[in-house]
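Novice: Before I ask anything, here is the structure I am working with.
Just so you know, all these numbers are worked out from the coordinates, no wet-lab data involved. Not measured: the values here are computed from a predicted model. Here the Cβ positions follow ideal geometry from the backbone for every residue, glycine too, while neighbour counts run over all protein chains shown.
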2 protein chains.
Amino acid sequence: METVFLVTGVVGVFSIFWALLLALHIRKQDSGSERMKEISEYIHRGALAFLKSEYKYLSLFITAVFFILIFAVDLRSAFAFLVGAVFSILAGFLGMVVATKANVRTAEAARHSQNKALRIAFSGGAVMGLCVVGLGVIGIGFLLTIFSEDAIPLTGFALGASSIALFARVGGGIFTKAADVGADLVGKVEAHIPEDDPRNPAVIADNVGDNVGDVAGMGADLFESYVGSIISSVTLGYLVLEQYGAVFPLVLSSIGILASIIGIIIATKANGENPQKALNTGTYTAGLLVMVGTFILSKVVLDSYNAFFAVTAGLIIGILIGRITEVYTSADFRSVKTIALDSVTGSATNIISGLGVGMFSTMVPTVLIVLGVLLSYFVMGGNENATMGLYGISLAAVGMLSTTGITVAVDAYGPIADNAGGIAQMADLPPEVREITDKLDSVGNTTAAMGKGFAIGSAALTALSLFASYAESVELSSINLLNPLSLVGLFIGGMLPFLFAALTMNSVGKAANEMVMEVRRQFREIDGIMDGSGKPDYDRCVAISTKAALREMILPGILAVVIPVGVGLLLGAETLGGLIAGAVVTGVLLAIMMSNAGGAWDNAKKYIESGEHGGKGSEAHTAGIVGDTVGDPFKDTSGPSMNILIKLMSIVALVFAPVIVEYGGILLKLIVS
Amino acid sequence: METVFLVTGVVGVFSIFWALLLALHIRKQDSGSERMKEISEYIHRGALAFLKSEYKYLSLFITAVFFILIFAVDLRSAFAFLVGAVFSILAGFLGMVVATKANVRTAEAARHSQNKALRIAFSGGAVMGLCVVGLGVIGIGFLLTIFSEDAIPLTGFALGASSIALFARVGGGIFTKAADVGADLVGKVEAHIPEDDPRNPAVIADNVGDNVGDVAGMGADLFESYVGSIISSVTLGYLVLEQYGAVFPLVLSSIGILASIIGIIIATKANGENPQKALNTGTYTAGLLVMVGTFILSKVVLDSYNAFFAVTAGLIIGILIGRITEVYTSADFRSVKTIALDSVTGSATNIISGLGVGMFSTMVPTVLIVLGVLLSYFVMGGNENATMGLYGISLAAVGMLSTTGITVAVDAYGPIADNAGGIAQMADLPPEVREITDKLDSVGNTTAAMGKGFAIGSAALTALSLFASYAESVELSSINLLNPLSLVGLFIGGMLPFLFAALTMNSVGKAANEMVMEVRRQFREIDGIMDGSGKPDYDRCVAISTKAALREMILPGILAVVIPVGVGLLLGAETLGGLIAGAVVTGVLLAIMMSNAGGAWDNAKKYIESGEHGGKGSEAHTAGIVGDTVGDPFKDTSGPSMNILIKLMSIVALVFAPVIVEYGGILLKLIVS
């Protein structure tokens, strides 16, 4: 067993090492003209400013939870929590710092060749990806070793990852959309200056937001899924197959990391003339390698191919959920075209159409998740041994997430390319450079949409396997919906994602409003800002987004932690189980609906801008902009927040399981007695 | 026992008798000038034309289901289905015919006094209310008598009611919004003629829609809830307390009918200067009378006050859910004002704000439903005898619906007053008459919002008690969420309301588009239509709405029936149980969200029109109109459709329970073997 931990650790270290190599390589590249350096420096500094403020809040939060865990659960969990939080912070920090270095170098490289630009942007994303998986397995291996294979306190590690994800994804989502909406509303609509115009005071905050929300936030989200799925699989694995059950997901993850590194190498060596194809080749190669590896692993460790089927089910379904997202959000398919057509009759029909697409798009992913759950459960023999079936579901989750290294790389590539485009625009680079960065950016939009689908699917499976671990942990044999206590939990849980979405959408609205006021003020008060002789105060806009983001996530954050614990204590473990099931179901559905509606609106607008239905400036375009603006908080704040919410609540339930077993159901006992 | 059936039947007949008295009274009233009679005749004829087409479809549908039931279940269920369908049609027909007679007489009465106008409009609504409850209890009493107290086939009666509700509520919802949106988009926006202008070819269809959707649709919805809750309560009652358990809900319903009649009398005698107060006084009196009656009944029949508490919980929660709706949808409270304020920055912020309000508004109703479930379950001793607890939940549902007679009356009053206003406008009645009808209409908007909340709450409790009956019927001891078969059902079920909402919203879009084309065509092709010398072809617009409504509800209707049966047959009874639980949860949440967002947008627009934020013609007003247009299908089509979906799926599961017990889980057996 220790050999396995060692191997896992070595693979993890190798992953970090590879990330450092890539980072050094990026650093060596030319970062262009003085103007480009200056802009990049603004973005870099803005990102660091956000991180610094965030860390201030985080240190308080982490300290508080650390002590709560010591008293309420045990020292081991508290320690694991600390490690999880620090590792997640570290992954986010490294990824973001490199991303803010890679963006300007991508822009500069685009002056020479698309191939080179693609490589740098993708390498920048790969640093984040490799840090996520590397730190993930190092943390798990390390903790399992010092806890002498006791997997239970590892839930603390997942809680740490979840807490940081909350700050990064929800806070980051509010940050990025406040800046984006603020910059657009005053800059584009009122002052009639183009996007990414350096005269716009919020432009830097907007670019920082891409890094904060789409790099660090998304990375933290997948870090959470990644470690959450492995930990619940290890926990369940010990229960059903002792050591072998734990060895399997650990070795599988190591295989996944190596496969991801190979995939990353292939993607960077591929012909960059077709960026989408290069990225796909890398991703599919990694997936295939994992399948081959698992085929052997399954036979050797578990002496059957059942686990191979469960893992493959997860892997394929992850890819399919990503691809189906494209069908609903890309202008190459019918949905987006319909929204564009419905924009001709105005904003209202655009909105109705987009909401319809979002709602409709929940069907196929739900069926895919259902298939994944059934296949992985029954293939492992769940009909004879339920826990074994649940282990199968957790393996599907680990399988889906095994190639997280390259998935995050592809995902994080998008915002880097987007930033590169922004820098090219702000530094007045020639149009042919813009053309290349635009092309890379448009591929980035597709990968971002697919990445979002993948993040939701993996969050769903991770939450379900955490849910299964929770049930085992509190020794629930049943969460029976005929028992009104479960049913009531289901109702409350189902409502929470709606509440969470409402809170985060309102937060974006409030924060964007503050940004609008500030940008208007600068336009009014700074002399010569419009002719370029006066300098806008970028830092102030970054500070506004930062402050708003951190302030606005306090309430949702508290709710996500307090409600599950409170319901568990008042009404007991079964109600809490129902609550989590309800939250997972509506959370996943709302996440899909909001992400896809947002993506579809975005591309419908771009489709109109490409000249359809009257093109830019037409009535349809105005409607398209309304849809896109509604879609912004949908797809970049509220939608992705659901992933965090459902995982965080599951993990909170799991970590506090011992407390709930001992004291749960106080209210109930009072009523009945 | 037969005495009870007799008493119930007599009360039912008395209710119908009272309805006839009111109808005759309305008929005797003056229906005004020739012009008013002409317009009223158009509306009346349009409504009948819709009904005629609907009945053609219905007769095919009813025949098909009748034979399916004979073969798949038994003759008794099939016969009960037939009775249920015919009774629901009858209630809808009577209610709608009287409503289309009451509207013009209300307009004429408004020339004399507000008091008189209120009385006629409310009496018109009361005919619908008394028909609903009267036919409901007559049907149940009659079937229980001829089936010699075998309550099981009565589920067929509920299925009949559900099927008609589907046609009336979903089809009616599509009809009314296609006409409304079509009339507004071309008339108000393009041709710049006011609302309810007789030159608009879609204006009659719009007014017919109020009757089709808001009178007949809403009546059928509550008829379904009414009989569904009584039937599931009778079924569960037999199981736990034999005859006494069945007697209680039946007598309770009789008390409720008498209380409603008294309430209706009080409301019509009250001072009409404050219409809201008059209606409230009637409603609260009826509620109080039911409480007093139940207090005695509970002690006499069941020898304890427990049932009284369960019934009262339902009654109070029904009223509270209605009232809380007002908080989110009335301009007197913060939410609507916030939406109006957010309209200043444009359509996008108006939409985000409204969606936020809708999502946020799910919280309190959910908590109320949860409290109702817990209270009624535990007060009946559910912790010792689960079925007894479930009986308690069904009693809460019956309690909530006991005053359906007056609730429907208040609800149906709204569209009659609305129609009266339209007629006053079209017939050029003097402004002081419009003032009175406007005032009555604005009260109608509030009661409509509250009625929607009530309809959702009662649908939730009815669906839950049908769900409990289903579980008893297939002898499920558990729907265990740790079993992936239930979990998978939960996911599929949770997704269905999203799918249903998407389909119905798209249908409204498509149908409205056809209406827009037709209205544009008439404006273009009919000479002199604008100066009044040419007559618009009203009937053609009614025909378009009718055709679209009936065509567009086929797919959702089939899905609502086929999916539960299909899932039950393929994956078994437990998966189907999970499916229904999932559908009820997300269905209720989406219904609340969509209804409240729609209501809030509507009133935010009106609030702006009252002069706030620049008033009519301002930027904020434009944004307000966009929100209102999005809200239309939300609150009048997709939202209310959820009520039908969750009840229909529950009842389908219940009716087909014997088939599912025998053949269910085919796919599963294949996989496992």
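Novice: Determine the shielding of peptide A:505-518 by partner chains: average, over its residues, the number of Cβ atoms on other chains within 10 angstrom of each Cβ. Please list the in-between numbers first.
Specialist: Working: counts 7, 8, 1, 2, 8, 0, 0, 3, 3, 0, 0, 1, 0, 0.
The per-residue average across the peptide is 2.
Novice: Exceeding 32 Å between C-alpha atoms, which entries from my cross-link table qualify? They are A:Lys28/A:Lys277; A:Lys101/A:Lys452; A:Lys277/A:Lys606; A:Lys616/B:Lys616; A:Lys635/B:Lys606; A:Lys439/B:Lys337. Don't skip to the end; give the middle numbers.
Specialist: Numbers: A:Lys28/A:Lys277 27 Å; A:Lys101/A:Lys452 24 Å; A:Lys277/A:Lys606 22 Å; A:Lys616/B:Lys616 28 Å; A:Lys635/B:Lys606 30 Å; A:Lys439/B:Lys337 44 Å.
Pairs exceeding the cut-off: A:Lys439/B:Lys337.
Novice: Let me ask something else. Taking 7 Å along the Cα-to-C-beta vector as the label spot, tell me the B:Lys56-B:Asn280 distance in nanometres, rounded to one decimal.
Specialist: The two pseudo-label positions are separated by 4.8 nm.
Novice: In debye to the nearest 20, how big a dipole does the stretch A:543-647 give about its Cα centre with +1 on each Lys and Arg Cβ and -1 on each Asp and Glu Cβ?
Specialist: Numbers: 7 positive and 9 negative charges, 53 e Å.
I would put it at about 260 debye.
Novice: Using a label position 7 Å from Cα in the Cα→Cβ direction, what is the ascending list of nm distances from B:Arg35 to the same site in the other copies?
Specialist: With the label placed 7 Å along Cα→Cβ, B:Arg35 yields 6.9 nm.
Novice: Suppose each label sits 7 Å from its Cα in the direction of the beta carbon; what would the B:Ile526-B:Glu514 distance come out to in nanometres?
Specialist: It is 1.9 nm.
Novice: Another one. Working from Cα positions, state the angle (0 to 90°, nearest 10) between the long axis of helix B:75-109 and the longest principal axis of chain B.
Specialist: 30 degrees
Novice: Tilt of helix A:554-571 relative to the longest C-alpha principal axis of chain A, in degrees (0 to 90, nearest 10)?
Specialist: 20 degrees
Novice: Each residue of the stretch A:505-519 in turn: what ³J(HN,Hα) in whole Hz from Karplus with 6.51, -1.76, 1.60 and θ = phi - 60°, glycine and Pro shown as x?
Specialist: 5, 4, 4, 4, x, 4, 5, 4, 4, 4, 5, 4, 4, 5, 5
Novice: Cα to Cα, under 13 Å, and not fewer than 8 places away if on the same chain: which aspartates and glutamates meet these conditions relative to B:Lys116?
Specialist: B:Asp30, B:Glu108, B:Glu273
Novice: Of A:Lys188/A:Lys535; A:Lys188/A:Lys605; A:Lys299/B:Lys669, which pairs sit farther than 24 Å apart, going by alpha carbon to alpha carbon? Mind dumping the intermediate values first?
Specialist: Numbers: A:Lys188/A:Lys535 18 Å; A:Lys188/A:Lys605 15 Å; A:Lys299/B:Lys669 27 Å.
The answer is A:Lys299/B:Lys669.
Novice: Right, something else. At 222 nm, what helix-only mean residue ellipticity would chain B give, in deg cm²/dmol to the nearest 500, using -39500 (n - 2.57) for each DSSP H run of four or more?
Specialist: Values: 24 runs with 549 residues, N = 673.
Calculated at 222 nm, the ellipticity per residue is -28500 deg cm²/dmol.
Novice: To continue, here is another question. Could you sort A:463-473, B:207-217, B:72-82, B:2-12 so that the peptide with the highest average Cβ count within 10 Å comes first and the rest follow in order?
Specialist: B:207-217, A:463-473, B:72-82, B:2-12
Novice: Further question on the same structure: Can you give me the Cα centroid spacing of the stretch B:144-200 and the stretch A:56-109 in angstrom?
Specialist: 55 Å
Novice: Given R₀ = 56 Å, FRET efficiency for B:Ser477-B:Lys188 by Cβ-Cβ distance, to 0.05?
Specialist: Details: r = 58 Å, r/R0 = 1.04.
Efficiency computed from Cβ-Cβ geometry: 0.45.
Novice: Relative contact order for the stretch B:468-586: what percent, with Cα pairs under 8 Å and sequence separation of 6 or more? Mind dumping the intermediate values first?
Specialist: Working: 110 pairs, mean separation 63.2, N = 119.
For the stretch B:468-586, the relative contact order is 53 percent.
Novice: A further question on this structure: Once both axes come from the Cα atoms, what is the angle between helix A:386-401 and the longest principal axis of chain A, in degrees from 0 to 90, rounded to 10?
Specialist: 20 degrees
Novice: Checking the a/c ratio against 1.5 first, then a/b against b/c, what shape does the Cα gyration tensor give for the stretch B:385-518?
Specialist: On the way: a/c = 4.72, a/b = 1.79, b/c = 2.64.
It is oblate, given that a/c is not under 1.5 and a/b is not larger than b/c.
Novice: Could you tell me which residue out of B:Leu320, B:Val661, B:Tyr42 lies farthest along the dipole of chain B toward its positive end? Charges go on the beta carbon: Lys and Arg +1, Asp and Glu -1, centred on the Cα centre.
Specialist: The residue sitting farthest along the positive end of the dipole is B:Tyr42.
Novice: Find which of B:Ala85, B:Val565, B:Pro640 sits farthest along the positive direction of the dipole of chain B, computed with +1 on the beta-carbon of Lys and Arg, -1 on that of Asp and Glu, about the Cα centre.
Specialist: Checked the options; the winner is B:Ala85.
Novice: I would also like to ask the following. Taking the Cα centre as origin and putting +1 on Lys and Arg beta-carbons and -1 on Asp and Glu beta-carbons, what dipole magnitude results for chain A, to the nearest 20 debye? All intermediate terms of the calculation are to be shown ahead of the outcome.
Specialist: Details: 40 positive and 54 negative charges, 74 e Å.
Magnitude of the dipole: close to 360 debye.
Novice: Using label points projected 7 Å from each Cα along Cα→Cβ, tell me how many nm separate B:Val13 and B:Leu570, to one decimal.
Specialist: Here the answer is 5.0 nm between the modelled labels.
Novice: Enter the mean number of other protein chain beta carbons within 10 Å of the beta carbon of each residue in A:624-635, as an integer.
Specialist: Numbers: counts 0, 3, 8, 3, 1, 7, 8, 2, 2, 4, 2, 0.
The shielding value for this peptide is 3.
Novice: Quick one: dipole size for the protein assembly as shown, taken about the Cα centre, charges +1 on Lys/Arg Cβ and -1 on Asp/Glu Cβ, in debye to the nearest 20. List each step's numbers first, then the result.
Specialist: Values: 80 positive and 108 negative charges, 21 e Å.
The calculated dipole for the protein assembly as shown is roughly 100 debye.
Novice: Students often get this wrong: which residues of the stretch A:243-258 have the backbone nitrogen under 19 Å from the point 7 angstrom along Cα-to-C-beta of A:Met1?
Specialist: What the label zone holds, given the 19 Å backbone N cut-off, is A:243-254.
Novice: Another one. What number comes out for the charge environment of A:Gly534, summing +1 per Lys or Arg and -1 per Asp or Glu over other residues with Cβ under 11 Å away?
Specialist: Values: positive: A:Arg199, A:Lys535; negative: A:Glu525, A:Asp527, A:Asp531, A:Asp537.
So the surrounding residues net to -2.
Novice: Taking each residue in A:341-354, count the Cβ atoms of any other chain within 10 Å of its Cβ, then average. What number comes out?
Specialist: Numbers: counts 0, 3, 0, 0, 8, 7, 12, 15, 8, 4, 10, 13, 3, 1.
Partner-chain Cβ atoms within 10 Å, mean over residues of A:341-354: 6.
Novice: Let me ask something additional. Pulled fully out, how much extra length does the chain show between A:Ile265 and A:Leu555, if you take 0.36 nm times their separation in residues and subtract their Cα-Cα distance?
Specialist: Working: separation 290, 0.36 × 290 = 104.40 nm, distance 4.27 nm.
Stretched fully, the A:Ile265-A:Leu555 segment lengthens by 100.1 nm.
Novice: Give the peptides A:105-118, B:602-615 in descending order of average Cβ contacts within 10 Å, highest first. Provide the component values of the computation, followed by the final result.
Specialist: Numbers: A:105-118: 23.4, B:602-615: 20.5.
The densest-packed peptide leads the list: A:105-118, B:602-615.
Novice: In nm, one decimal, shortest first: how far is the label point of A:Val86 (7 Å from Cα along Cα to beta carbon) from the matching points in the other copies?
Specialist: Shortest to longest, the spacings are 7.9 nm.
Novice: Say R0 is 25 Å: what FRET efficiency, to the nearest 0.05, do B:Lys37 and B:Asp539 get from their beta-carbon distance? Spell out each step's value before the answer.
Specialist: Working: r = 17 Å, r/R0 = 0.69.
After rounding, the FRET efficiency stands at 0.90.
Novice: Once phi is turned into θ = phi - 60°, what whole-Hz ³J(HN,Hα) does the Karplus curve with 6.51, -1.76 and 1.60 give for every residue of the stretch B:50-67, x standing for Gly and Pro?
Specialist: After applying 6.51 cos²θ - 1.76 cosθ + 1.60, I find 4, 4, 4, 4, 4, 5, 4, 4, 4, 4, 4, 4, 5, 4, 4, 5, 4, 6 Hz.
Novice: Place the label 7 angstrom along Cα→C-beta at A:Pro194 and in each other copy, then list the distances from the first to the rest in nm, shortest first.
Specialist: Output for A:Pro194: 5.0 nm, nearest copy listed first.
Novice: Cα gyration tensor of chain B, axes a ≥ b ≥ c as square roots of the eigenvalues: rounded (a/c below 1.5), prolate (a/b > b/c) or oblate?
Specialist: Values: a/c = 1.63, a/b = 1.42, b/c = 1.15.
Verdict is prolate for chain B.
Novice: Under the classification rounded if a/c is under 1.5, otherwise prolate if a/b is larger than b/c and oblate if not, where does the stretch A:540-651 fall, given a ≥ b ≥ c as square roots of the Cα gyration tensor eigenvalues?
Specialist: oblate
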